[in-house]
Amino acid sequence: MNNLIHYRCEGSVALVGLTCAPVNALGQALREQLLAACELAAADASVKVIVLHGEGLVFSAGADICEFGGAAAFAKPDLPSLLARLTELDKPLIAAIGGLALGGGLELALACGYRVAQAGARLGLPEIKLGLLPGAGGTQRLPRLIGAQAALEMIASGQPINATRALALGLLDRVVQDADNLLDTARSLAEELIARQAPARPACPQANPGAALPANYFADYRAANQGRWKGQSAPQRVVTAIEAACSLPLAEGLARESELFKEAEASSESQALRHVFFAEREVGKLPGLDTGTPIRPITQVAVIGAGTMGGGIAMNFANAGIAVMLLELKAEALERGLAQIRKNYETSVQRGKLTAEQLEERMALLHGTLDYADIAQADLVIEAVFESLPIKQQVFRTLDEVCKAGAILASNTSTLDVDAIAAVTRRPQDVVGLHFFSPANVMRLLEVVRGTATAPDVLATTLKIAKRIGKIPVVSGVCFGFIGNRMLEPYSREAHRLLLEGATPAQVDKVLTGLGLAMGVIAMHDLAGIDVSFLVRESRREVIAHDLGYCKLADALYALGRYGQKTSRGYYLYEGRERKDDPQVVALAEQIAGELGIPRRAISDQEIHDRCVLMLVNEGIQLLDEGIAQRSSDIDLVWINGYGFPAWRGGPLHYAEGLGLAQVLERIGHYREALGDYGAMWFQPAALLERLVACGKARIERI
């Protein structure tokens, strides 16, 4: 056969091995060669059964995502047509699933009459994570195999299932424990099918997949999930497709699925999620780093500080099987920190995410100490103490004396100057910023701050270890707040200024959550702690002294001891987790506005959107122009994974591209004029934005 298929016959069985490394993505070339192989087997009278498998590779991780949105996705043979043809062959097809059968890979398996899998295989239809739905029969064939409700749960979640669960659902015919015996099991099944003259395709177990559903099942499902979907269209299309499987013959259902898939593929939602998909694959690519850059071995990690952040950081490494030494100055603080880590793991056990044995394995990797001498042999030391430059510098002076040569010294600072921290050591080349986001054991984002002197192998090593512990590492240059928190400042500034001008906290937050953000900026300050924001401002009053007006409300709440959720009073009132409006905050905003001579007025939702979001975007473009961020998609990843910007919007800069860069520039200019002295001070468009618009560019990139 051709280079992407290994074809051989063993007696009456044709073995069709997919050899498209690394994951048998079903691109046009593989589809063409697969069809040719199956047609060859179908025409060979000596062949009675055809077995499809991954030749030394996983079965298939699905379609080639690079083809989406282009002509190649529907180039002949397109995947739906290929699979339709396979279902027409008059010989049984067996899918022997090793490793993965995801998306189009699982749809390929569904087009076969029989399926066997290794015990460790994962099967799923994750298209919804790209704003899509299965488009090659998945929404129609799966319900007819396992029932509409199970199929809907599987497709709407996008989460893969293991082989044991797939067998229980009826998705598989057999599971083999040893992957080396997978093809033997497929051959054995083939011989059985030949012996009993089995049909090419058995009758559908769920010929009427909606028969057992309660009345109004789909309407109730939609109503129950609208809040969670937050305006996304892909889940709606998935439900519509499953509904079609319950009400239409297979051929008509497949046609309806195709229509829905093409709608989804053309949607801005899917384009945004594909942008995020590729952004995650680009994020570690940096000038000066390549496969030849040496990597320092990391087998022992130390974390300085056993508080909430330090404990969460330590858990990341223990979860990955790396030993961690947790250092504190006082025994009580150390005991408290280790106890909190155990409590966190116990919660995971209660939720079924960990076994009791795994809890003990991870705790065994964690060791506490009060003595810096005990961390002398650590390969990576992460400082997670109070956000104060003098305090952090003192820690690094000590680390410089204690730690072995070649150890990487990292600071978990969220805003401070990494170069100023590195400068107190005799090894600035070994210093890097590792800004974890809280809760550190949950949040996927890790800002890797490259200091002026940070060595390439230090950067490469931290990027590799970040991926090992399950993080998305985004590299930032040194500036106040790096990428995320620097962009947070103008975003937050406008929200606070709008409160003085007449908006309410609930109105501001509703506009932002309506855009799809996980939380509005005002509620976010209550969650993070108004006291925390105050201390950050205190450290840089000289920078923002020319206009304190917008943060006077926050300062006043701090003075009143209203720190947010932790005190049950902040911008909102809290009863448990329930958030309520507080008229006293509105009255306080009115009072401060009067003192500052800020006229109050009705504020439109559009103005809230424009001022908060466009100032966020403008700062991101400025960061790109300064070289703090490597690419615009890195900035999007920071805000999606660290600040709750909706992935289905693609991140703030991708979202701005959808609005139109000329429109973004025009709206910034509008508020620069309309807001008087305040507008003149703050609404200065980034020079890069002006250049992009002048050149007619639609994408945000350095020029």
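The values are calculated or read from the model by the stated rules, or taken from the named source; none is laboratory data. Because the structure is a prediction, the values reported are computed rather than measured. Cβ coordinates were reconstructed from backbone atoms using ideal geometry, including for glycine residues, and neighbour counts include every protein chain displayed.
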Exclusive hit being assigned by TED's automatic domain parsing to the domain that holds Ala179, in a helix (DSSP H, G or I) and touching a Phe, Trp or Tyr at 6+ places or on another chain (Cβ under 7 Å), set Ala37, Ala42: Ala37
Matching residues in the stretch 590-614 - criterion: being within 40 Å of the chain's Cα centre (by Cα) and surrounded by fewer than 13 Cβ atoms within 10 Å (Cβ to Cβ): Arg601, Ala602, Ser604, Gln606
Residue in the stretch 346-354 that is surrounded by fewer than 15 Cβ atoms within 10 Å (Cβ to Cβ), farther than 24 Å from Val395 by Cβ, in the same structural domain as Leu409 (by TED's automatic domain parsing) and touching a residue at least 12 places away in the same chain (Cβ under 8 Å) present: yes
Selection within the stretch 197-218 - in a loop (DSSP other than H, G, I, E, B), in contact (Cβ under 8 Å) with a residue 60 or more places away in the chain and farther than 15 Å from Arg141 by Cα: Ala198, Pro199, Ala200, Ala212, Leu213
Pairs with Cβ under 7 Å, 6+ apart, first in the stretch 220-231 and in the same structural domain as Gly516 (by TED's automatic domain parsing), second in a helix (DSSP H, G or I): none
Among (1) at pLDDT 95 or above; (2) of a type in the set (A, V, I, L, M, F, W, C); (3) within 21 Å of Gly311 (Cβ to Cβ); (4) assigned to a loop (DSSP other than H, G, I, E, B) - the single one Ile382 does not satisfy: (4)
Candidate set from the stretch 646-703 (those that are in contact with a helix residue (DSSP H, G or I) (Cβ under 6 Å, 6 or more places away or on another chain) and hydroxyl-bearing (Ser, Thr, Tyr)); member that is nearest to Gly484 (Cα to Cα): Tyr655
Residue selected from the stretch 168-196 under the condition free of Cβ contacts under 8 Å to residues at least 12 places away in the same chain and among the hydrophobic types (A, V, I, L, M, F, W, C), by the criterion farthest from Gly120 (Cα to Cα): Ala195
Residues of the stretch 651-703 that turn out to be in contact with a Gly (Cβ under 6 Å, 6 or more places away or on another chain) and either of a type in the set (A, V, I, L, M) or exposed (fewer than 14 other Cβ atoms within 10 Å of the Cβ) (or both), as a count: 1
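What number of residues within the stretch 48-99 satisfy the criterion of being in a helix (DSSP H, G or I), modelled with pLDDT of 95 or more, β-branched (Val, Ile, Thr) and under 30 Å from the mean Cα position of the chain (by Cα)?
0
I'd like to check something: does the stretch 132-144 contain any residue that is touching a strand residue (DSSP E or B) at 6+ places or on another chain (Cβ under 8 Å), touching a residue at least 24 places away in the same chain (Cβ under 8 Å) and assigned to a loop (DSSP other than H, G, I, E, B)?
There is no residue in the stretch 132-144 that is touching a strand residue (DSSP E or B) at 6+ places or on another chain (Cβ under 8 Å), touching a residue at least 24 places away in the same chain (Cβ under 8 Å) and assigned to a loop (DSSP other than H, G, I, E, B).
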For Thr454: the one exception among (1) in the same structural domain as Leu614 (by TED's automatic domain parsing); (2) buried (at least 21 other Cβ atoms within 10 Å of the Cβ); (3) free of Cβ contacts under 8 Å to residues at least 40 places away in the same chain: (1)
